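Report on the following structure.
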Amino acid sequence: MPGPFKTYEPPANEEGDTWNMRAAGERNGQIIVKVLKFREHVVTKNSDDASEVRLDVVDLGDPTGQYVYRNVPVWTGAVVDGLKPYAGTSDVLVLDVSMRKAKSGRDYPVISPASDFSRAERFYAQKGDPFAQQFSTVAGGVDDRNDDPPF
């Protein structure tokens with residue numbers, strides 16, 4: 001490069017699947033997650049200094065039938081704090097998602113340990129391990145046949 005100039009390298013803008021944690025909470029859903037990473041000092045539309053976790057998520061009650069979502073960003077403070085210790089590990093967590101009301105009156109999604117693992121076990125029995133290497137190469141990660149019972 002001539003002169004004092006350097007090549008501009010834009011920061012990585014990771015795209016992840018769009019998954020609605022609020023919708024899962026409103027239907028008192030259950031999810032299976034693998035926490036890919038934790039990051040601090042992330043700029044979002046609501047904050048110049050947010051923290052996030054990136055998740056692979058299996059939404060067992062997903063009304064769209066997609067079920068598997070990859071590299072999903074989550075910024076909800078209590079969720080980030082709860083999942084941060086699992087970032088980058090091989091741990092797979094089964095969680096219940098519900099809604100809680102803040103003192104301000106605003107509802108927000110929260111996670112808790114699963115009360116029952118039978119739905120997650122059925123998913124694994126019917127679809128296989130959603131976090132296995134070969135599973136991620138399948139489009140959407142889901143068998144689109146309609147003959148499977150819901151999870």
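In this structure the amide hydrogen of Gln30, modeled in the peptide plane, comes within under 5 Å of the amide hydrogens of Leu60, Gly61, Val97, none closer than 5 places in sequence on its chain.
Approximating the spin labels as points 7 Å out from Cα along Cα→Cβ, the Phe117-to-Gln66 distance works out to 2.8 nm.
Using a 10 Å cut-off around each Cβ, can you sort Ser115, Ser47, Ser98 from fewest to most neighbouring Cβ atoms?
Values: Ser115 8, Ser47 11, Ser98 15.
Starting with the residue having the fewest Cβ neighbours, the order is Ser115, Ser47, Ser98.
Going 7 Å from the Cα of Arg106 along its beta-carbon direction, which residues of the range 54-81 have the amide nitrogen within less than 11 Å of the resulting point? From the range 54-81, the list is 77.
Peptides 23-34, 66-77 ranked from most to least packed by the mean count of surrounding Cβ atoms within 10 Å: 23-34, 66-77.
Based on the alpha carbons, how large is the Rg to Rh ratio for the range 21-129 when Rh follows Kirkwood? Here Rg/Rh amounts to 0.97.
Since every read-out is calculated from the coordinates, none of them should be taken as a lab result. If you're wondering where the values come from, they're calculated on a predicted model, not measured in any experiment. Counting neighbours? That spans all protein chains shown, and the Cβs are built from the backbone with ideal geometry, glycine included.
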